[in-house]
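No lab work stands behind these numbers, since they all come straight from the coordinates. Note that the coordinates shown come from a computational prediction; the quantities given were computed from them, not determined experimentally. For neighbour counting, all protein chains shown are included, and Cβ atoms are generated from backbone atoms with ideal geometry for every residue, glycine included.
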Amino acid sequence: MKATNPMNRMNAAVRLSVSSLRAHKRRFAGTFLAVFLGVAFLAGTLVMGDTLRAGFDTMFGNATSGTDAVVRSADSITTPGESEGVREPVDTDLVTVIEQLSGVAAAAPDIQGAGQLVGRNGDPIGGQGPPTLAGNWITDPGLNPYRLAEGRAPEKSGEVVVNKGTAERGDLKIGDTTTLRTPDPVKVTIVGLATFGGEDGMAQVTFTGMTRADAEKYLTARPGEAASIQVRAGPGISQRELVDELTTVLPDGVEAITGQESAEENTDMISSQFLTVFTTFLLVFSGVALLVATFSIHNTFAIVVAQRTRENALLRALGASRRQVTAATLVEATAVAVTASLAGLAGGIGIAAGLQALFPAIGFPFPEGDLVLKTLSMTLPLAVGVVVCLGSALLPALRAGHTAPLAALRETAVDSSGASRARAVTGVGLLALAIGVTLSGVLLTPSLWLAGTGATLALAAFVVLGPVASTTAVRILGGPLDRLRGVTGALARRNALRNPKRTAATASALMIGVAVVSLFTVFGASLKATMDQTVARSFAGDVAVSTPSFGAGGSGLSPHLADAVQRLPEVDTAVGLGRGVAEVDGRGRALTVTDPVALERTFDLGTVNGSLRDLGTDGIAITEKEADKQHLTTGDKARLTFTDGQTQTFTVRAVYGQSELAGDYVITRDAWAPHRTQDADTLLAVSFKDGVSTDVGKAAVEKVADQYGNPEVQTRDEYAQSAAGGIDMMLTLVYALLALAVLIALLGIANTLTLAIHERTRELGLLRAVGQTRSQLRAMIRWESVLVAAFGTVGGLALGGFLGWVLVRASDGASDSAFAFALPPLQLLVVALVGLTAGALAGLRPARRAARLDVLRAIAAE
Amino acid sequence: MTTTTVTTTVPTAARVVDAVKVYGTGDASVRALAGVSVDFPVGRFTAIMGPSGSGKSTLMHCAAGLDTLTSGTAHIGDTELSSLDDRRLTLLRRDRVGFVFQAFNLVPTLTVAENIRLPLDLAGGKGDLEWIDALIDVVGLRDRLHHRPSELSGGQQQRVAVARAFAGQPDVVFADEPTGNLDSRSGEEVLGLLGRAVRQTARTVVMVTHDPVAAAHADEVVFLADGRLVDRMESPTADKVLDRMKAFEVPS
């Protein structure tokens, strides 16, 4: 006989695996789903990112096509936690200078500030993230990124043009009169509606365009300042040439960039703002799904290979090479990987398309345009899916190849490998290392990097220790079962103990899902507790008036509100906190601009060294933490550089213990006045006179606030809880996504059980013959499923709780504010119950199938 | 149709009347039992013999409530089995019938003691503790009570199965080739146990076997061929049974 050529040999492998796949379609459903979801979310994220970017590119390109150069101040001050720096304004006198240049066709100042419109129903529009902008309506249509769509441009004071999206959200029409919070309330009449680059607005950014005089009056600290100057080139002059010419006349500290560069900057800024939220969620989920997938895939193939030992041994006995047997399994894995990844890719494009359609429906303008499918965002998810799938199947495939031909003759093919000593030692070593690294990263030298490494090691340790722990854990968890469920319970427990490796691998998938859920739960609860603690510790007032303060959104509070509230007879102290920006010794810092005396009365500042009483125009108060960092004590000098480029020396007159709500640097309003930009308070804290009830006082403050654009007035508790609202929303989204990960894990449990039942057919027949009723048999299998799920859930809770603690502690160490750690018992209990219920559900179908077994045939089965 | 009707004054532990069992339908159908009526009296050790395909296992399965008859009736004591649903049949097997199979008699995850008590535990009752204690001595496994089946020899495993079969003091114990997988010495022990159980404690045993030596331990042997009861033999010996069996091999 001639030796077969490699092609034929491979064909044999392919034939074997295809027939096997067909025979075990159901078995691969879980594997398929896991890979599918992982790839789909990865691809969806990438496609959405590309599409958004392309959409914004087009939008900004359209909007700013008439602007060839932008003149602005060169330096910006960026404070920690802010993505965009604050720039010093430019002098509008420059416009005349620029207009005289030969290459310039037109130039216009762009005055910008915060301005939040109040909608028809009295609620402010936007402010929950994207900026709420107001500016001068640039009369040269080429230089104005907004185009009039309806109505006319503002001509006299009080007239405004609003972008269409904002008008729609606030149910406002041309001719309507409403309030613009700058943050001082300004009565405005809408005379026109505008579009931006062909869209109803620049994403969710709201824009109100006023006359130049109004803009200078309400949006700048003093007339003659603009955020930038938009310039159009004369005919035949390129953007680059224009910039070069402009540079010759610009004073120090002022720069010119091309219109294209400016559009790119804007695109980058807005798409990163937009994308980070979604991409982070989707990528985290995609990672979790793929991680769960590796366990699911490995397990499925391990069991399939174990079950097929005799078949593989027979093939080996008949002359199949090791390689052929391994290849058959790998081809099977490839088939699953490729189909699932391709389906995932399609699913990902579907997700992106769905989001594109969904966003506008919920008032979230998504730039129009076709989906952008780049090669990288197509190939990367595909490659990840295939690599994950093949990688997970590699070990089982190699094991299949190592099947000894003699195994065909052995009685049973049940894989009963236990936990080895080496595994226990390695696992415990890993765990010790993980704990050591984590603790040192959290407690000794606070470092997110060390803590992260420790967390990863902990995950690895849990996976390695799984089989070792599963024996003990199932024994303990199943302990009550014997007593509660008698022999049915005992049988369930021992079945779960039969194959620790398999039990552990099955439970690992659920463990990871539960761990991530509990990690987020713990972290969310800790954030809430932190807010509560912050308010409880440092807010001594009765009510707080605040505007949504996420990101750059909202225009803040009118600085006059504090004075108005102070005049109420019910009020003892009303203190407004304004926000300023300055560089302290070269690093951008946020300043709290306020009345320091009132501040001390309404906020608990901890121990104060020195006095806040007479900061004057050259005094500053600093928190202990910042003072330590900068090596400052009372009496020392600190140099502050403001956005207007001026540097002034301040004397440290007080060092206080607690920052939290009050901020790290406090200066008086008088000290801030010369350098001020658009004035706004971020928080107004009010304490009432003795004997004034909160309800009465709150009603009085609300009445005043109503005249200042109707910001929200909250009691102490409401104020603490309002911060938690965002956290709950985030958690809901996370839970929805992770429910899918748990679903994948459940399919894994059901898979394993089905296979185990197949192996135990004779035993089940025997049990039925000697009198086990169908319902007892079903209960036995369901309880086994619950036990495996319980092991996964408990492991996940422990791991998630630990990681949550690490994350909270590490954040505490790495950031300026103190983090509180909280374990929410109720939520974690719910997570545990969901895990157990899920286990019971996973066991339903295998149990039903097992109960249908024909007793006689089962006894006679091989 | 030759139907041998046996009349006795002794009450029956199990019996089948005009038992017919057909597997499959149409041309592919096989008539495993072609109208068998037989009584298994209380306190007797009955062996069912016959060549392969004679229907002896089918007869036992139907009589024990593991399988259902196509027509005719099967009774355990006074209970007619065809009227019972799966649940009642299961409970009847659990409470009133004992089983010893040829192989794979024990649940591998349970200890010897737990295997013996299995039907009682499934029922949730305590059972007769003295009786079980005595059984353990009879089968000689007191020092193995906490072992797992995998730690026992084949003979020991079958002895545990015998103890399990009698643990609930059932009306009747059915044994399906209980010595088929054992060497002759272990087989002897198991058969001795079954015989002693019948004679010393007035239990009823019905055993299917193709081994004349095993059949010789019974009080009576019934012979099946082609799904029919063809003969009965009181006080069998191995030689007499062997002679009778040889007759089947003569083509008729």
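For the stretch A:433-571, the alpha carbon positions stretch 77, 40, 26 Å along the principal axes, listed from largest to smallest.
Our analysis of the stretch B:184-243 gives Rg over Rh at 0.97, with the two radii drawn from alpha carbon positions and Rh computed by the Kirkwood formula. The lysines whose alpha-carbon is closer than 16 Å to the alpha-carbon of A:Lys689, local same-chain residues fewer than 8 away aside, are A:Lys698.
Sequence neighbours fewer than 8 away in the same chain don't count; with that in mind, list the lysines whose C-alpha is under 18 Å from A:Lys156. Here the lysines satisfying the reach criterion relative to A:Lys156 are A:Lys187, A:Lys217. Computed on the Cα atoms alone, the convex hull of the stretch B:60-209 gives a volume of 115 cubic angstrom per residue.
Taken about its Cα centre, the protein assembly as shown carries a charge dipole of roughly 6540 debye when the Cβ of each Lys and Arg holds +1 and the Cβ of each Asp and Glu holds -1.
In a DSSP loop and with at most 14 other Cβ atoms within 10 Å, the trypsin sites (Lys or Arg not before Pro) in the stretch B:104-149 are B:Lys126. Averaging 1/r over every pair of different alpha carbons in the stretch A:255-325 and inverting the result gives a Kirkwood radius of 17.2 Å.
Ranked from largest, the principal axis spans of the Cα set of the protein assembly as shown equal 131, 77, 55 Å.
Using only the alpha-carbon atoms, how far is helix A:259-307 inclined from the longest principal axis of chain A? Give it as 0 to 90 degrees, nearest 10. Around 10 degrees separate the two axes. For chain B, the longest principal axis of the alpha carbon atoms and the long axis of helix B:112-123 meet at an angle near 70°. Here the stretch A:721-848 is treated as an ellipsoid with the same Cα gyration tensor; its semi-axes, largest first and in whole Å, are 41, 14, 12.
Work through the residues other than A:Leu844 whose Cβ is under 9 Å from its Cβ and net out their charges, Lys, Arg +1 and Asp, Glu -1.
The answer is +4.
Normalised by 2.2 N^0.38 Å, where N counts its residues, the alpha-carbon radius of gyration of the stretch A:658-807 equals 2.04. With respect to chain A, whose longest principal axis is taken over its alpha-carbon atoms, helix A:322-361 is tilted by about 30°. Full extension of the chain between A:Leu433 and A:His758 gives 113.0 nm of extra length, using 0.36 nm per residue less the Cα-Cα distance.
Its relative contact order, with pairs defined as Cα atoms under 8 Å and 6+ residues apart, puts chain A at 17 percent. Would you please state the base-10 log of I(q)/I(0) at q = 0.12, 0.19, 0.31 1/Å for the stretch B:34-89, with intensities from the Debye formula using one equal scatterer on every alpha carbon? Relative scattering, expressed as log10 I(q)/I(0), comes to -0.29, -0.73, -1.46. Kindly provide log₁₀ I(q)/I(0) values, in the same order as q = 0.15, 0.20 Å⁻¹, from the Debye equation applied to equal alpha-carbon scatterers of the stretch A:664-735. Scattering profile of the stretch A:664-735, log10 relative to I(0): -0.79, -1.01. Summarising the amide proton neighbourhood of A:Gly588: residues at separation of 5 or more, or on other chains, whose placed amide H is nearer than 5 Å comprise A:Thr78.
Distance from the alpha carbon centroid of the stretch A:319-342 to that of the stretch A:438-484 works out to 34 angstrom.
Based on every Cα atom in the stretch B:24-130, Rg and the maximum pairwise Cα distance Dmax equal 16.2, 55 Å. Comparing Cα centroids, the stretch A:101-162 and the stretch A:489-526 end up 56 angstrom apart.
The residue among B:Val230, B:Leu182, B:Gly98 whose Cα reaches farthest toward the positive pole of the charge dipole of chain B, with charges on the beta-carbon of Lys, Arg, Asp and Glu, is B:Gly98.
On the principal axes of its alpha-carbon atoms, chain B has extents of 53, 42, 40 Å, going from largest to smallest. Neighbours of A:Pro141, meaning other residues whose beta-carbon lies under 11 angstrom from its beta-carbon, give a summed charge of +1 when Lys and Arg score +1 and Asp and Glu score -1.
Could you compute Rg(Cα) / (2.2 N^0.38 Å) for the stretch B:144-252, with N its residue count?
On the way: Rg = 15.3 Å, N = 109, 2.2 N^0.38 = 13.1 Å.
Normalised Cα radius of gyration, the stretch B:144-252: 1.17.
Partners of A:Lys501 within straight-line reach, counting lysines whose Cα lies under 25 Å from its Cα and excluding those fewer than 8 residues away in the same chain: A:Lys25.
Take the Cα radius of gyration of the stretch A:283-324 and divide it by 2.2 N^0.38 Å, with N its residue count; two decimals is plenty. Please list the in-between numbers first.
Numbers: Rg = 15.6 Å, N = 42, 2.2 N^0.38 = 9.1 Å.
Rounded to two decimals, the normalised Rg is 1.71.
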